[in-house]
Amino acid sequence: MKITSKTFGKTKDGQEVSLFTLENEKNVCINISNYGALITSVYAPDKDGKAENIVCGFDKLEDYLSESYLGSYPYFGCIIGRFGNRIANGKYTIDGIEYSGAINNGPNHLHGGLIGYDRKVWDAETFEIEGKVGLKLSYLSVDGEEGYPGNLKVTCSYTLDNESKLEITYEAETDKKTIINLTNHSYFNLTAGKEKILNHELELNAKHITESVDLIPTGNIVPVEGTVYDFTKTKKLGADIAGLADGYDLNYVLGNNEGKLVYAGCLSEETTGRTVKVYTTQPGIQLYTGYWVPELTIDGQKKFGSYSGVALETQHFPDSPHHANFPTTELAPGEKYQESTIYQFGIL
């Protein structure tokens, strides 16, 4: 087990950015930057022991800052905040006071606004505890940033162990009542980008979804049984996708309202034998098959495009501030926000 760091570059306003590498004894190697608290790569072995990068990302900071990437921004690998996913019309009310965020996705507010946590430089410190190496990233989101109330102190810790469990732990405290919904937006491709993800197989431990219209929940929680959204038994992502204009992009309900660490699902790919098991304390998981991921030219090569990766974003439900029946996303002074998600890399 070891953790190392190196310079990753500078932001356009001159801030130094680092890249941290977490490695275990099972040939799993994970690169994380303190820009956007983002995972740039996850090298994991296939059934023959060959380690390759199984997430969408770049080797250079400048590619994350480029206009071609940000112009059709897929949020590769980053931490999303202050509020992941959508808020209808960008408006929400806390204790009778209305707040507004940027309208940056059709008529709605998406992923924390124009400059969310995904484009901030976080403070970083490395650590080692028994059986794990880790990286603790910290950020102070000031009162009024992107319209959100309260000074919010946020930490995101990544740890890797020899069972190839990458654990992401979020903690936050505020000095004024606010809303919070943090997630990681990594896209997995277990063929290391050689093929699209339509032949990947997925199981989700979820019998319900939040019904939505134009990606905004109606408030109804509906069963998946007998629909194309049913992944309670393992099936290929492409099996029923033809009837969905933009593929899958919806929130699955894990029935986990007590905040326990539960099994959420497993992604697998037969030709490589690779698997990713997901465990989380969060009540929901967004399945997004990446229809809108742009094709980009990186170092003269065309990469990515529709269905080049699948995101499994553990989260609270989209548009929660407008639905009293959803688990609350409010955080008050004196309370502590704490959530954890594990991605465990393995072989079939």
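No lab work stands behind these numbers, since they all come straight from the coordinates. All values derive from a computational prediction rather than experimental measurement. Cβ sites come from the backbone with ideal geometry, for glycine too, and all protein chains shown count toward neighbours.
Rounded, prolate or oblate: which fits the range 137-229, taking a ≥ b ≥ c as square roots of the Cα gyration tensor eigenvalues, rounded meaning a/c under 1.5, else prolate when a/b beats b/c? Here the range 137-229 falls in the oblate category. Between the C-alpha center of the range 154-231 and that of the range 311-348 there is a gap of 9 Å.
By counting other Cβ atoms within 10 Å of each Cβ, how are Trp292, Trp122 ranked from fewest to most?
Taking fewest neighbouring Cβ atoms as first place, the list is Trp292, Trp122.
Shape index of the range 95-152: Rg/Rh, with Rg the Cα radius of gyration and Rh the Kirkwood radius from the inverse mean 1/r over Cα pairs, equals 1.14.
Taking each of Lys6/Lys303; Lys153/Lys336; Lys2/Lys165 in turn, the alpha-carbon distance tops 20 angstrom for Lys6/Lys303. Grab the other residues whose beta carbon is less than 11 angstrom from that of Pro333, score K and R as +1, D and E as -1, and report the net. Charge balance in the 11 Å sphere: 0.
Averaging the sequence gap over all C-alpha pairs within less than 8 Å and six or more residues apart, then dividing by the number of residues, gives the range 192-253 a relative contact order of 43 percent. For the range 1-154, a Kirkwood hydrodynamic radius built from all Cα pairs, placed in the Stokes-Einstein relation at 10 °C and 1.306 mPa s, yields a translational diffusion coefficient of 93 µm²/s.
Per-residue ellipticity at 222 nm computed for the chain from its helices equals -500 deg cm²/dmol, with DSSP H segments shorter than 4 residues left out and the rest contributing -39,500 (n - 2.57). Neighbours of Thr314 by Cβ distance under 12 Å: Lys/Arg scored +1, Asp/Glu scored -1, total -3.
Expressed as a rounded percentage, what relative contact order does the range 2-347 have, with Cα pairs under 8 Å and six or more residues apart? Don't jump to the answer; show the numbers that get you there.
Numbers: 914 pairs, mean separation 60.4, N = 346.
Dividing the mean separation by the residue count of the range 2-347 yields 17 percent.
Using the Kirkwood radius over C-alpha pairs as Rh, can you work out the diffusion coefficient of the range 2-347 via Stokes-Einstein at 37 °C, viscosity 0.692 mPa s, in µm² per second? Estimated via Stokes-Einstein, D reaches 162 µm²/s.
Between the range 71-110 and the range 5-19, the alpha-carbon centres lie 27 Å apart.
Using just the C-alpha positions of the range 204-301 as equal point scatterers, what log10 of I(q)/I(0) does the Debye formula give at each q in 0.11, 0.12, 0.13, 0.21 1/Å? Result of the Debye calculation: -0.39, -0.46, -0.54, -1.20.
Among Lys233, Lys165, Lys153, which one moves the most in a GNM of the chain with springs linking Cα atoms closer than 10 Å? Top of the fluctuation ranking is Lys233.
Net length available on complete extension from Ser5 to Glu225 is 74.5 nm, with 0.36 nm assigned per residue and the Cα-Cα distance removed.
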